[in-house]
Every structure is written in C-alpha cells, then in structure tokens.
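The values are calculated or read from the model by the stated rules, or taken from the named source; none is laboratory data. All values reported here derive from a predicted model rather than from experimental measurement. Note: ideal-geometry Cβ built from the backbone for every residue, glycine included; neighbour counts use all protein chains shown.
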Amino acid sequence: MYSYIKGQLADTGENYVVVEAGGVGYELNVSTHCAAALSGRPGAVTVYTRLIVREDDMRLFGFFNREERAMFDMLITVSGLGPKLALAVLSGIRAENLAAALALGDIGALNAVKGVGKKTAERIVLELKDKVGKEYRAADRDMGMGAAPAAANAAGAEDAVMALMTLGYTRAESAAMVAKVRAKSPQGLSLEELVLGALKNS
C-alpha cells in the first residue's frame, strides 16, 4: 500500500521514527541501524515502508533502503517469525551482513541476536539459506558486476570475522579488524589475506 514516505524527520527513538509528510506524522517501527542512519539528517528523508495488518493491530515498518526492506520481507516468511522479531534481527545484524550469514549458514551470528534462540536461528537458516543463494545468483545474472560480487565480498569478510573469533577475539573486535583491512584494500581479498592483514594490524 505504501512504498515509501518522504518528509521531515519529526522524532526518533531507538526503534522508531516519526516522519511528517503532508501535515501528517507517520510513526514507523524501524531497526536501530535505520534509526541511527536517519537521526540528525538535514532536510527531507526517505523511508521505505511495509504495512503489516493483523486482526487486532496495524503497524507501519520503516527501512533505510530497499535491501533492508527486502530482508525484512524474507524474514517474516519464516514460520513462527513475526515482524517484531524480524526487526529485532535487523537491529542485531545489518541487512548485508545478515545476507552473508544466511548464505554461509552461520547459525551463531543469528543466535547472538537478542531474542533469537538457537532453534529459531536454525529455522531461519534452514528456511532462507537456499532462497538467499538464489537471490545472489539472480543478481549475478541481472547485474553482472553488481550485487552478487558485493555479497561474495561480504561473505568473505564474515568468514574472516569467524576465523578471528576462533583465535580468541570478540565479534566486535574481529569485525573492526576486518573492516580496517577492507578499507585499505577496496579490491576483493582472499580469506587468508583478510585474516593475515587483520592480525598484522592488530
């Protein structure tokens, strides 16, 4: 029903924003990443939306970009996973990193999200792993050097993060180390190069 809302950011919280458009203030449930990205932005903002209607409830969810919305749409297809938990997942893992975790079957990354138990994490991976893989292959056909290579790079980075975690670093430390290496070398690096570069700079 609503594809996006463009207007002035009137209010923001950890998991919601209010966008004023046409004299109406729209309250949208958003991920913490989306709220942080929109907070303090000058001028008009564009928030992509999804309206979820239940028997006794109607809520508008907002997303920073189409990719985050697409991942939300995918998450709510998982049996037993409602929109509230789907948003919690997107608050715990950025959409691009979640796609990589699903493609890799990384249950641990999902289990680390607050409110996501091991069984739920396993179910999410089981039901979405193949679907995400198909999306990557479709993107590869349609875009050539577009989304699929980016996803592959993200997957390689996640592998490097996991490798560093096995050496005793926390996820936050590992992610920061890998991000630093990737920032210095924009071209795709192998898993070995990412890990060695991270250890060298630590």
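I'd like the full set of residues that are among the β-branched types (Val, Ile, Thr), in a helix (DSSP H, G or I) and over 23 Å from LEU51 (Cβ atoms), limited to region 81-123.
ILE107, THR120
Pairs, please: C-beta under 6 Å, at least 6 apart or cross-chain, first residue modelled with pLDDT of 95 or more and surrounded by 12 or more Cβ atoms within 10 Å (Cβ to Cβ) and in region 52-80, second charged (D, E, K, R) and in a strand (DSSP E or B)?
Qualifying pairs under 6 Å: PHE61/ARG50.
Restricting region 1-31 to residues that are in contact with a helix residue (DSSP H, G or I) (Cβ under 8 Å, 6 or more places away or on another chain) and within 13 Å of VAL47 (Cα to Cα), which is surrounded by the fewest Cβ atoms within 10 Å (Cβ to Cβ)?
Ranking the qualifying residues of region 1-31, first place goes to TYR16.
Please enumerate the residues belonging to region 168-182 that are among the polar types (S, T, N, Q) and buried (at least 20 other Cβ atoms within 10 Å of the Cβ).
The one that is among the polar types (S, T, N, Q) and buried (at least 20 other Cβ atoms within 10 Å of the Cβ): SER174.
Which ones in region 55-100 are closer than 18 Å to GLU27 by Cα, of a type in the set (Lys, Arg) and in contact with a helix residue (DSSP H, G or I) (Cβ under 9 Å, 6 or more places away or on another chain)?
Across region 55-100, the qualifying residues are ARG59, ARG69.
Given the residues ALA139, ALA154, ALA103, which is the only one that is touching a helix residue (DSSP H, G or I) at 6+ places or on another chain (Cβ under 6 Å), modelled with pLDDT of 75 or more and of a type in the set (Gly, Ala, Ser)?
Only one candidate passes the filter, namely ALA103.
Does THR46 satisfy being among the β-branched types (Val, Ile, Thr) and over 23 Å from GLY92 (Cβ atoms)?
Yes.
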